[in-house]
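Notes follow once the structure below has been shown.
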Amino acid sequence: MEKHSIKEDWIAIATGTFLVAQGVFFLKSVGLLTGGTTGLALLATHFVPLSFGSLYFLINSPFYLMAWRRFGGTFALNSAVAGGLVSVLVDHSDLVIHVDMINEIYCAVIGGLLMGLGMLILFRHRASLGGFNVLCLYLQDKFGLSVGKSQMVLDCAILVASFFFVSSLTIALSVLGAVVLNIVLAMNHKPTRYTVTYS
């Protein structure tokens, strides 16, 4: 497959991170969670006096090193930039948007869709959000496992652990959002259909 240009990659990274940040905003606005390191950061905001963005970037930092070692400097740099942009955009989203009333089911669905689309764009342009994305891409690269399926298993594990801290309704709606996110990835990022070069 023809490679994207550097300019196309950076435009796509900006677009993908914006979509992911909007998805996180919708989940965060009604107190929902999700899987992966995003879910860990959202959950941790209830217990640690740090913003989502700060926690998100700190939790993801070790995975950028893993990305460097496994996929090369370009992928690791792109992923670190993408993760940093999501952190900044989510932390400052209240400066440009405020929601007075919104349905929780809608937030779960639109949050999952936007995050899935944003992550898909990043994957196609030699980037990820770090965290479990890197691990799932490694599993696809090494063993041919679908990114969406492996991500769903990890996401469900995070949400199950959240049962001890949030209500069952919050968990149910969060699972809905995570399933929507991973359906987007599972249908659109198959190892047998696309070839992605990370370095």
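Pick the calculated P(r) over Cα pairs in 10 Å bins from 0, in percent for this structure from (1) 8, 25, 29, 20, 12, 5, 1; (2) 10, 39, 38, 12, 1; (3) 9, 35, 32, 17, 6, 0? Comparing each candidate, only (2) matches the computed number. Among 183, 140, 58, pick out the residue whose Cα is farthest towards the positive end of the charge dipole of the chain, where Lys and Arg carry +1 and Asp and Glu carry -1 on C-beta, about the Cα centre. Going by the charge dipole, the pick is 140. In order along the range 48-55, the Karplus-derived 3J(HN,Hα) couplings, from 6.51 cos²θ - 1.76 cosθ + 1.60 at θ = phi - 60°, round to 10, x, 10, 6, 4, x, 5, 5 Hz, and Gly and Pro are given as x. Relative to the longest principal axis of the Cα atoms of the chain, the long axis of helix 132-143 lies at roughly 40 degrees. Backbone geometry of the range 72-87 corresponds, through the Karplus equation with coefficients 6.51, -1.76 and 1.60 at θ = phi - 60°, to 3J(HN,Hα) couplings of x, x, 4, 4, 5, 5, 4, 5, 5, 5, 4, x, x, 5, 4, 4 Hz, x marking Gly and Pro. Each peptide in 129-135, 93-99, 150-156, 58-64 gets a packing score, the mean of other Cβ atoms within 10 Å over its residues, and the list from highest to lowest is 129-135, 150-156, 58-64, 93-99. Computed about the Cα centre, the dipole magnitude for the chain is approximately 680 debye when only Lys and Arg (+1) and Asp and Glu (-1) carry charge, each at its Cβ. Per-residue Karplus couplings for the range 169-174, computed as 6.51 cos²θ - 1.76 cosθ + 1.60 with θ equal to phi - 60°, are listed in order as 5, 4, 4, 4, 5, 5 Hz, Gly and Pro entered as x.
Close amide-amide hydrogen proximity is noted between residue 34 and 39, each under 5 Å apart and 5 or more residues distant or on a separate chain (H modeled in the peptide plane; Pro and chain starts excluded). Extension gain for residue 61-residue 172 works out to 37.1 nm (0.36 nm per residue, less the C-alpha to C-alpha distance).
In this structure the amide hydrogen of residue 45, modeled in the peptide plane, comes within under 5 Å of no amide hydrogen from residues 5 or more places off or on another chain. Summing +1 for each Lys or Arg and -1 for each Asp or Glu among the other residues whose beta-carbon sits under 11 angstrom from that of residue 52 gives 0.
The residues 107, 136, when put in order of fewest to most other Cβ atoms within 10 Å, stand as 107, 136.
Under 5 Å between amide hydrogens, built in the peptide plane, is the criterion, and for residue 145 it picks out 140 among residues at least 5 positions away or on other chains.
Only the coordinates and a few stated rules stand behind these numbers; no lab work does. This structure is a prediction, so every number in the text was calculated from the model and none was measured. Glycine also receives a Cβ, built like all others from the backbone with ideal geometry; neighbour counts cover every protein chain displayed.
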